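Contents: one structure, followed by commentary.
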Amino acid sequence: MDSQFRQLLLYQDYDLRLIEIEKRAERLKREKAELGSRLVAALTEREKCRAELLEAQKSSRLAELALREVELNLRELDRRRVTNAVQANALEAERVALATKRAKAEEECLAAMERCDAGERGLERKKTEQEAVERSMLERREELRANGIELERDRKAVLEMLDHLRDGVGKNWLAAYESIRRSSLPPPYVCRLEGLKCSGCHMHMAANAMDSDNLDLRRCEFCNRLIYRDDPEEDEEEEP
């Protein structure tokens, strides 16, 4: 087999490694973004619980002030002097109204206190959940960082190897390879001809598509990939 052709196959091998590395790097990038989104969501939920707690505490204070005001008014009624039946009736009516208002104020105060308790429990629960999420994300972020460093090291090594191999590949073959790589075809871009079948698209070609003793690269008439056929001597060596 021609040495330039061997170089091209080796070039493709490292090029496909590079494609896989870039895919892995993209997956790492997406996972990092997802981790960031999860953290933001956890923080947002925690702040929401905090706001609800503050609102409940405000309602509780207002309810307590309303209750104190009613109790002060009731004590004021108790100090009033009554000189006739009309005043007595008016005082009693006012006392009944204030008693009703106090009962309502007590009910609102109790409900506000329950909301405060529930808010404090919810905030503590969210805090615990968020701390667990943060620990998990920090651990995963460290793993992603280590993976990213390893991927970049592999990527650099592959690029160096591709630069080295590029000098040994014929310009015409390399140009043909790069044109297919830029197309929408999935890899591989150089495929072995198995009998009369292209190993890339698995379509059967015409019998005269490639002479058995012609080692130059040809294109598949169906998928346009570069195709080759091994040397007859190599085929015999591979046979058991």
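We did not get these values from a lab; they are worked out from the coordinates using the rules stated. Because the structure is a prediction, the values reported are computed rather than measured. Reconstructed Cβ throughout: ideal geometry from the backbone, glycine too, with neighbour counts over all protein chains shown.
Some points to look at:
- FRET efficiency, 1/(1 + (r/R0)^6) with R0 35 Å, evaluated for E64 and E134 via beta carbons: 0.45
- F5, F222 arranged by Cβ crowding within 10 Å, fewest neighbours leading: F222, F5
- Equivalent ellipsoid, region 21-180 (semi-axes from 5 times Cα gyration tensor eigenvalues, Å): 78, 14, 8
- Built amide H within the under 5 Å cut-off of R218, gap 5+: I227
- A90-E120 FRET efficiency (beta carbon distance; Förster radius 45 Å; 0.05 resolution): 0.50
- Non-local lysine pairs in the chain, meaning eight or more places apart or on different chains, with alpha-carbon distances under 22 Å, amount to 11.
- Per-residue ellipticity at 222 nm computed for the chain from its helices equals -27500 deg cm²/dmol, with DSSP H segments shorter than 4 residues left out and the rest contributing -39,500 (n - 2.57).
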